[in-house]
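Inspection log for the structure reproduced underneath, given as structure tokens.
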Amino acid sequence: MNSAKVETKKNPIVRFLTMNTSGQTSGRSLPLWRQILLQIICIAILLSVMFPIMYIVTLSFSPKTTRPSTLELIPKEISFVAYKQVLDRPTGNPVTFIELLRNSVFLSVGVGLAALVIAVTAAYAFSRLKFKLREILMILVFIPLLMPAVGLSTPLYLLLNQIQIKQCAGNQIAIQPFTSCGGEAKGKLVFNLRDSLLGVGIAMTATALPFAVWNLKGYLDTIPKELEEAAAIDGADTNQTFWQIVIPLAAPQLAVTFFLGFIGHWQEFVTTWLFLSQPKDYTLAMTLYNMTGQYANSVPWNRFAAMAVIVALPVAIVYIGLQKQIVGGLTTGGVKG
Amino acid sequence: MEIAKSSKKKTQWKRASLPYFYLLPAFLVMGVITFYPLIYQLIISFTNFESKDLLLGLKSPDLQFIGFKNYVDIFTAALPVENFNFFRVLEFNFWWALSNVMLHVPAGVLIATLLNTEGLWLKRIYRAIYILPVVVPPLVVATVWTNIFDERYGAMNQLLTSIGTYFGNTAPVYIRWFEDVKPPIPGFLPGAPLTLAYYAMMVANFWLGWPFMSVVATGALQSIPRDLYEAASIDGATGTQQFWGITVPLLRPAMIPAAVYGFTLSFNLFNFVFFMTGGGPARSTELLVTFAYNLVRNLRWYGVAAAFAVIIFVVALIVFLITNRITRATQNYQEA
């Protein structure tokens, strides 16, 4: 009984890998014919899982730029030419891989963090505090979750497009809509919030924020109230309870909510593609799309494969590290079980 | 006396208003970047908003209020867009989400049960590898599978060719997965013909979807007490009877939220569908979200797109209310 308790605390990937593996302890063993039958099924599933992965990995290690005309699932030779080329010059535009990476990281980490910080107090209020408008306000927060990002893009485009910095004649700086160059003078556009990573980040927060509130509230609901009640008896007020008890208890889920934001926005495509026009602001996800989209025929396939592997890696690493919390947070914590 | 009364009142007021201070940051930000755009979207859904109005917005002199014309146009397929029928897209969208979940959940449960078999060799290795699809971003999965289903160089046709050669058929297989508009099984879904592209997408999304369900099922399987199975086998229950009588009912509490999550995820799977088929061929695999993207990005009919977004919102609200009844997501701690 005790060991089972300890086991549930482990990371589920560890749990998944180690659970029930000892057929010997139970004393029963599988008849050989069933063992063989099940092994065949397992291997068939294994092959189907590995098929696309091996295909793309093989392609990425190929020194040739064309796709093979027959099926190749095991690299004939390991060549890092494609990786090197992608890292040196990822697109036809004068933008380095580091810049693309920086843009992707800036957007996904920035949006994840911003949503988390803004959401946490609201999630606490919805989970623990009693107030008149609770139901109505909660519905208001969750309503935007039903709107896909593309549904809000036009108004956000217009809103962010209004904030521009212009250089007027005579080296004056005008910040629209607060100041303008005066008269009919147009001035030179220096900065357009809509066409910047900051603006896209703000637009992405619009949908990330309600999700963060929802996810955190779901988790806070599962924390037993006894500790907070004990603190209240000891004379702690709501603020003290929040900062000194709830925040430390919720720390793991805060991390998970942040990483869910990171994973989701690492591959964000809609908003970035609609808002950004300058290649220097492009992200890795946009670059991957460019490789498969209209310019597909001119793109060397080994480079495309290498790029796919590179885009997948950060998310894969985060996911494997936080497997338990992510799966748990999405199914039992997020929606009340 | 007076002072004590007023300070008591003050603390009361403070206590009553405290929750609103906790909500303030979120609502300030959402007011500007979420609620304002939602209302704006609602307003321009009743106008003929186009690219030329982008500069001045609602102040644009060309902007006209045209009542429910955008909505009527969408519902009656009066938009000058080829192959667009709202109800067909809606039907396909629901079927897409439903058919995915109907395959992913049973497959996930079965494979989790398979790996739970006592005495199975190499369990650890299988578990480690079966998890891989979960960790690859859908964007990458879609681009990779598009490539696999390529007509000439795709691995799928090459695989079918090698299987064909094995059975004595030397002709190379050239299936046009993403171009063929003729449904392979006519009349399978009345009103929304399912093209080969749909099946290609199902294969790819199946690869992506079942491992997650399998992880959830594995966690739930672990919490089923071993004694139950032992008692059942003493009573003479077969493996199949144990599966239906013990495993399935006890997995249900874990699998239903997972299935609801999977459904909503598939319903709005923009990245995946957009990167695999872009809604084609002939809009046969178009989802509501991909068509909304088309309206904004390619057609630039912002008024129509706004009306479409409002419609998506209403559809999503209905889906939410139904699934919410199943999972009771908004229930708070006290009510539980």
**Q.** Global geometry of the protein assembly as shown, whether rounded, prolate or oblate, following the gyration tensor of its Cα atoms and the 1.5 cut on a/c
**A.** oblate
**Q.** Cβ-derived FRET efficiency at R0 45 Å, A:ILE98 paired with A:ASP237, nearest 0.05
**A.** 0.40
**Q.** Of B:LEU139, B:LEU23, B:LEU269, the one that fluctuates the most in a GNM where chain B has Cα springs shorter than 10 Å
**A.** B:LEU23
Q: From other protein chains only, count the Cβ atoms within 10 Å of every residue's Cβ in B:147-154, then give the mean.
A: 4
Q | Over the protein assembly as shown: helical MRE at 222 nm, DSSP H runs n ≥ 4 each giving -39500 (n - 2.57), nearest 500 | A | -19500 deg cm²/dmol
Q: Step through the residues of region B:248-255 one at a time and calculate ³J(HN,Hα) from phi using the Karplus curve (6.51 cos²θ - 1.76 cosθ + 1.60, θ = phi - 60°), rounding each to whole Hz and writing x for Gly and Pro.
A: 4, x, 7, 7, 4, x, 7, 7
Q) Which FRET efficiency value, to the nearest 0.05, do you get for A:VAL117 and B:ARG325 by plugging their Cβ-Cβ distance into 1/(1 + (r/R0)^6) with R0 = 45 Å? A) 0.85
Q. Roughly speaking, what is the centre-to-centre gap between region A:191-266 and region A:93-134 when only Cα atoms are used, to the nearest Å?
A. 9 Å
Q. By how many nm would the segment from B:ASP227 to B:ILE129 lengthen if fully extended, with 0.36 nm per residue of separation less the alpha-carbon distance?
A. 32.3 nm
**Q.** Unsatisfied cross-links (Cα-Cα over 32 Å) in the set A:LYS132/B:LYS8; A:LYS324/B:LYS182; A:LYS225/B:LYS8; A:LYS217/B:LYS59; A:LYS84/B:LYS123; A:LYS76/A:LYS280
**A.** A:LYS324/B:LYS182; A:LYS217/B:LYS59; A:LYS84/B:LYS123; A:LYS76/A:LYS280
Q) At B:VAL72 and B:ARG152, where each label point lies 7 Å from the Cα along Cα→Cβ, what is the point-to-point distance in nanometres? A) 4.9 nm
Q) Given a Förster radius of 45 Å and the C-beta distance between A:ILE173 and B:ALA282 as r, what FRET efficiency does 1/(1 + (r/R0)^6) yield to the nearest 0.05? A) 0.30
Q. Under a plain spin-label model, where a point goes 7 Å from the Cα along Cα-to-Cβ, how far apart in nm are A:ILE74 and B:GLN242?
A. 3.8 nm
Q | Cα gyration tensor shape of region B:84-286, rounded if a/c is under 1.5, else prolate or oblate by comparing a/b with b/c | A | prolate
Q. Rounded, prolate or oblate: which one fits region A:85-150, using the alpha carbon gyration tensor with axes a ≥ b ≥ c (rounded when a/c is under 1.5, else prolate when a/b beats b/c, else oblate)?
A. prolate
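FYI, it's all coordinate maths here, none of it is from the lab. Every value quoted in this text rests on a predicted model; they were computed, and no experiment measured them. With ideal geometry, Cβ positions are generated from the backbone for all residues, glycine too; neighbour counts draw on all protein chains shown.
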